[in-house]
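Notes follow once the structure below has been shown.
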Amino acid sequence: MISNTYKKYLWLLNTLLRYKKLTFAEIQDKWISSSLNDGTELSLRTFHDHRKAVQQLFDVEVMCDKANGYKYYIAGHDSLEQDYARKWLINSFNVSNMVSEGKSLKNRIILEDIPQGTEFLQLVIEAMKEERELEVDYHPFMGKCGVLHIQPYTLKMYNRRWYILGYMKEENGIRHLALDRIEELNITKQTFKIPHDFNAESYYNDSVGIFVNENLKPKKVRIRAFKPYDSYIKSLPLHHSQVEIKDENKDYTDFKLDVCLTPDLTSQLLAMGDKVEVLEPKELREGIKDVLNKAFKRY
């Protein structure tokens, strides 16, 4: 449960994000109508204390535009939109606050469950900060169970699961492990250094999901989304390279992506069923068709 103090920090952050620029007097007015207001006025001293706390907690800077009426704003608002880690942190606080405030609505606020494994997050992050190797007792759904040693480079969430990405000694290469398949995890004394040329965003740049094959090269993928489902794909792109191919057709919209042909991409497309059609490349189209034929035979 989030304390009232943290709720006030969140309120200030969300207020500035929503209204872009506000004077202190305007912030005071909005505080008066806030559900968090306990009847006390927001003093200038309290405001500055909260402003500093917001900066430290969420790694954002609350600036004052003195040239245009002493208006306060979140610096680098656009960059914040691209910083998925900070956005996730803010959203997590907001969700926690929402659930706390909505106790009377507990049966009407439904969140997606995340499988086990989150209990290891703190240890993994600690190992990443200290650059120490992890010893993991791993039990995959398929394949051999056993103890593995991985140097944690990155944490990534995908499809409600957390994954560690890093150099695995047993495989002599970069691999990923799902936290929910870990039985036991320990930080070892063995240290490591992340390669200077490794960048997590670049590593996943050409892929959809968690699967990366360094031997694959991105290919031009063209899909057709039939209305009204095309609006969903516009609002939640499959990949950052996605662009809409302009067409006057009123029944569908074509999209182009530059991605590697991985199992996660195939799964995403199959999940859309008859709402989309893969136009190219031929190998992806035939692969989708083959899976659909196998599924059809099961019924």
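Just to be sure before I move on: is residue 198 over 25 Å from residue 122 (Cβ atoms) and of a type in the set (Phe, Trp, Tyr) in the structure I sent?
Details: over 25 Å from residue 122 (Cβ atoms): no; of a type in the set (Phe, Trp, Tyr): yes.
It is false that residue 198 is over 25 Å from residue 122 (Cβ atoms) and of a type in the set (Phe, Trp, Tyr).
How many residues are modelled with pLDDT of 70 or more, farther than 16 Å from residue 183 by Cβ and surrounded by 15 or more Cβ atoms within 10 Å (Cβ to Cβ) when one looks only at the range 88-142?
Counting residues in the range 88-142 that are modelled with pLDDT of 70 or more, farther than 16 Å from residue 183 by Cβ and surrounded by 15 or more Cβ atoms within 10 Å (Cβ to Cβ) gives 4.
Looking at (1) outside any helix (DSSP H, G or I); (2) more than 16 Å from residue 6 (Cβ to Cβ); (3) modelled with pLDDT under 90, which one does residue 64 not meet, given that it meets all the others?
In the conditions (1) outside any helix (DSSP H, G or I); (2) more than 16 Å from residue 6 (Cβ to Cβ); (3) modelled with pLDDT under 90, residue 64 misses (3) alone.
Does residue 288 satisfy being touching a residue at least 40 places away in the same chain (Cβ under 8 Å) and either within 21 Å of the chain's Cα centre (by Cα) or surrounded by 15 or more Cβ atoms within 10 Å (Cβ to Cβ) (or both)? Write out each step before concluding.
On the way: touching a residue at least 40 places away in the same chain (Cβ under 8 Å): no; either within 21 Å of the chain's Cα centre (by Cα) or surrounded by 15 or more Cβ atoms within 10 Å (Cβ to Cβ) (or both): yes.
Answer is no for this residue.
Could you tell me which residue of the range 194-209 is modelled with the highest pLDDT, considering only residues that are aliphatic (A, V, I, L, M) and over 13 Å from residue 262 (Cβ atoms)?
Here is the first cut: in the range 194-209, the residues aliphatic (A, V, I, L, M) are 194, 200, 208.
Subset that is over 13 Å from residue 262 (Cβ atoms): 194, 200.
Working: 194: 92, 200: 89.
Ranking the candidates gives 194 first.
Go through (1) under 20 Å from residue 157 (Cα atoms); (2) surrounded by 14 or more Cβ atoms within 10 Å (Cβ to Cβ); (3) modelled with pLDDT of 70 or more and name the single condition residue 80 misses.
Among (1) under 20 Å from residue 157 (Cα atoms); (2) surrounded by 14 or more Cβ atoms within 10 Å (Cβ to Cβ); (3) modelled with pLDDT of 70 or more, residue 80 violates only (3).
Assess whether residue 189 counts as being part of a strand (DSSP E or B), among the charged types (D, E, K, R) and loosely packed, with under 13 Cβ neighbours inside 10 Å.
Working: part of a strand (DSSP E or B): yes; among the charged types (D, E, K, R): yes; loosely packed, with under 13 Cβ neighbours inside 10 Å: yes.
Yes, satisfied.
I need the full set of residues from the range 256-295 which are assigned to a helix (DSSP H, G or I) and closer than 21 Å to residue 204 by Cβ, in order please. Full working, then the answer.
The first filter runs over the range 256-295 and keeps only residues assigned to a helix (DSSP H, G or I), leaving 263-271, 273-275, 282-295.
Correct list: 263, 264, 265, 266, 267, 268, 269, 270, 271, 284.
Go through the range 245-269 and count every residue that is exposed (fewer than 15 other Cβ atoms within 10 Å of the Cβ) and within 25 Å of residue 216 (Cβ to Cβ).
Filtering the range 245-269 down to residues exposed (fewer than 15 other Cβ atoms within 10 Å of the Cβ) leaves 245-251, 263, 267.
If we keep only those that are within 25 Å of residue 216 (Cβ to Cβ) too, we end up with 245, 263, 267.
The number of residues fulfilling the criteria is 3.
Please enumerate the residues belonging to the range 193-234 that are hydrophobic (A, V, I, L, M, F, W, C) and either within 14 Å of residue 165 (Cα to Cα) or without any contact (Cβ under 8 Å) to a residue 60 or more places away in the chain (or both).
Taking the range 193-234 first, the residues hydrophobic (A, V, I, L, M, F, W, C) are 194, 198, 200, 208, 210-212, 216, 221, 223, 225-226, 233.
If the condition is that a residue be hydrophobic (A, V, I, L, M, F, W, C) and either within 14 Å of residue 165 (Cα to Cα) or without any contact (Cβ under 8 Å) to a residue 60 or more places away in the chain (or both), then 194, 198, 200, 210, 211, 212, 216, 223, 225, 226, 233 are the ones that fit.
Kindly indicate whether any position in the range 180-192 is under 25 Å from residue 112 (Cβ atoms) and free of Cβ contacts under 8 Å to residues at least 24 places away in the same chain.
Taking the range 180-192 and keeping what is under 25 Å from residue 112 (Cβ atoms), we get 180-183, 185.
With free of Cβ contacts under 8 Å to residues at least 24 places away in the same chain added as a condition, the list becomes none.
Checked the range 180-192: no residue is under 25 Å from residue 112 (Cβ atoms) and free of Cβ contacts under 8 Å to residues at least 24 places away in the same chain.
How many residues does the range 130-168 hold that are under 20 Å from the mean Cα position of the chain (by Cα) and closer than 18 Å to residue 195 by Cα? Even if it seems obvious, please write down each step before you answer.
In the first step, residues of the range 130-168 are kept if they are under 20 Å from the mean Cα position of the chain (by Cα); the result is 152-166.
Now drop any that are not closer than 18 Å to residue 195 by Cα, which leaves 152-155, 164-166.
Here the count works out to 7.
Looking at the range 22-61 only, could you name the residues that are charged (D, E, K, R) and not in a helix (DSSP H, G or I)?
38, 41, 59, 61
The values are calculated or read from the model by the stated rules, or taken from the named source; none is laboratory data. If you're wondering where the values come from, they're calculated on a predicted model, not measured in any experiment. Virtual Cβ from ideal backbone geometry, glycine too; neighbours counted across all protein chains shown.
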